[in-house]
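Accompanying notes for the structure given below.
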Amino acid sequence: METVVEAAVLHRLSMPLRLPFETSYGREERRELLLVEVRTPDGDMGWGECVAQARPLYSPETVDTAALMLVREILPRVLGRPWSHPAEVWEWLTPVRGHPMAKFALEGAVWDLYARRLGRPLAAVLGGTRQEVAAGVSLGMAPLSALLDQVRGWVERGYRRVKIKIAPGRDRETLAALRQAFPGLALMADANGAYRWPQDAARLEALDDLDLLMLEQPFPPEDWEAHAALQARLRTPLCLDESIGSLAEARRAVALGACRVINVKPGRLGGFTPALALEAWARQAGVPLWCGGMLETGVGRALNVALASLPGFTLPGDLSASERYWEEDIIDPPVTLTPDGTIRVPEAPGAGWTVDPRRLARYERWSRTLRV
Ligand code: OSB
Ligand code: MG
């Protein structure tokens, strides 16, 4: 079956977050968003989400650099060109260096479109085997009393794992209080690269007795050696996020002993195509994976849920229900949690949700249509 993307619509949204999200690099009250809608001549469509943020603080891209790259470099390589599998589309984008989130915004939409045209759930098309995925929640930094209340609330709802953000000086005390209040909780911490080697080594070693599930990205992305040196001194597994932009980097990280676990975000890798390659490798190498999140709307979350249904994703991800992020999500039905703390993998064709045009319009700042 051949497909041609004849038109693409960029939707630039701004949505208020239900809870402010504070990390070591800043605090956000709103999410600036970019969605990509692709259309075929026969009226089929697919949706993708660019997971870049308003400012280049997690990684070098922003929603606005991604929009520019989609218009100038990415869409011109795809519009009007017939393909029979999404991996071909990904291949066409490989001459463009960097800009992985801009690439995945389109490539994810193409996978959704492909699965819809096959009449099959995206999860099954990707090779997913699970009917439901374990849900975790990622919480921004907050005063301890507020954080304790939040964690209690999400644990009562059934979340299977809680992650908090940490930074030097805002770490041990908070984590120890959470551990004391929730002795059996699957608890982890994410530093988004805020620590420095060697001066912060002792601070991080002091977290080793808190029975954390793992410690995510303590050092900046390029500091492979620091992660390896710390991992050698810790019982707690290290997990890398920002450092891993490709399968080659995943292999290198594991070979160096820089991590024992990998957070997979298709936007950070530049597509589902490289994410699938990483999953296949990790499965045979015995490296546990989990699916990360970037405060997506339901569009991006649905794509993540599909990916997390693959067998290599053995740990609960940063996959939460719509109500964790939004007063009202833009998809129908919203993502919900089952009573046992999972998200059901949709059985409808494609990603399995539809975008509500009225809610989309409410949050849309601008849109731009590109045609062949
Ligand atoms: O480091 O995992 C991260 C959100 C934005 C940018 C980076 C990260 C995050 C999260 C939130 O931790 C995960 C989620 O979507 O729930
Ligand atoms: Mg992270």
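The values are calculated or read from the model by the stated rules, or taken from the named source; none is laboratory data. Everything numeric here is computed off the predicted structure, so don't read it as measured data. Glycine also receives a Cβ, built like all others from the backbone with ideal geometry; neighbour counts cover every protein chain displayed. The accessibility values were calculated without ligands, DNA or RNA, using every heavy atom of the protein model including side chains. Shrake-Rupley method; radii C 1.70, N 1.55, O 1.52, S 1.80 Å.
A quick yes/no check of all residues on (1) within 15 Å of ligand 1 (Cβ to nearest atom); (2) more than 21 Å from Leu70 (Cβ to Cβ); (3) of a type outside the set (Gly, Ala, Ser):
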position	(1), (2), (3)
Trp281	no, yes, yes
Gly286	no, yes, no
Trp290	yes, yes, yes
Val299	yes, no, yes
Ala308	yes, yes, no
Asp318	yes, yes, yes
Tyr325	yes, yes, yes
Leu337	yes, yes, yes
Arg359	no, yes, yes
Check: Residues in segment 165-192 that are buried (at least 21 other Cβ atoms within 10 Å of the Cβ) and either in contact (Cβ under 8 Å) with a residue 60 or more places away in the chain or within 13 Å of ligand 2 (Cβ to nearest atom) (or both): how many?
Finding: 7
Next item on the list: Name the one entry in Ala194, Ala202, Ala142 that is over 19 Å from the mean Cα position of the chain (by Cα) and either under 30 Å from Tyr114 (Cα atoms) or more than 15 Å from ligand 1 (Cβ to nearest atom) (or both).
Entry: Ala202
Note to self: Against the definition (open to solvent by less than 20 Å² (accessible area, probe 1.4 Å), hydrophobic (A, V, I, L, M, F, W, C), closer than 30 Å to Leu118 by Cα and not assigned by TED's automatic domain parsing to the domain that holds Ala302), how does Val96 come out, yes or no?
What the structure shows: yes
Note to self: Of everything in segment 216-230, what is open to solvent by 10 Å² or more (accessible area, probe 1.4 Å) and either within 16 Å of ligand 2 (Cβ to nearest atom) or in a strand (DSSP E or B) (or both)? Give them in sequence order.
What the structure shows: Pro220, Pro221, Glu222, Asp223
Next item on the list: Would you be able to tell me the number of residues in segment 71-93 that are over 22 Å from Leu118 (Cβ atoms) and without any contact (Cβ under 8 Å) to a residue 40 or more places away in the chain?
Entry: 5
Note to self: Being part of a helix (DSSP H, G or I), in contact (Cβ under 8 Å) with a residue 60 or more places away in the chain and in contact with a Ser or Thr (Cβ under 8 Å, 6 or more places away or on another chain) is true for just one of Ala134, Ala123, Ala115. Which residue is that?
What the structure shows: Ala123
Next item on the list: Identify the single condition in (1) in a strand (DSSP E or B); (2) under 23 Å from Ile244 (Cβ atoms) that Glu37 does not satisfy, given that it satisfies every other one.
Entry: (2)
Item checked: Criterion: under 28 Å from Leu247 (Cα atoms) and buried (at least 23 other Cβ atoms within 10 Å of the Cβ) - qualifying residue of Ala109, Ala54 -> Ala109
Note to self: Which condition from (1) more than 22 Å from the chain's Cα centre (by Cα); (2) at pLDDT below 95; (3) not hydrophobic (A, V, I, L, M, F, W, C) is the one that Arg160 breaks?
What the structure shows: (1)
Next item on the list: List every residue pair whose Cβ atoms sit under 6 Å apart, with the two residues 6 or more apart in sequence or on different chains, where the first one lies in segment 255-284 and is within 16 Å of ligand 2 (Cβ to nearest atom) and the second, anywhere, is of a type outside the set (Val, Ile, Thr) and in a loop (DSSP other than H, G, I, E, B).
Entry: Arg260/Pro237; Val261/Met214; Val261/Pro237; Val261/Pro288; Asn263/Asp241; Asn263/Gly292; Lys265/Gly292
Next item on the list: Pick out the one residue from Asp318, Asp356, Asp329 that is over 30 Å from Leu187 (Cβ atoms), of a type in the set (D, E, K, R) and at pLDDT 95 or above.
Entry: Asp356
Checklist line | Residues (aliphatic (A, V, I, L, M), in contact with a Leu (Cβ under 9 Å, 6 or more places away or on another chain) and not in a helix (DSSP H, G or I)) located in segment 234-286 | finding: Leu234, Leu238, Ile244, Ala258, Val261, Ile262, Val264
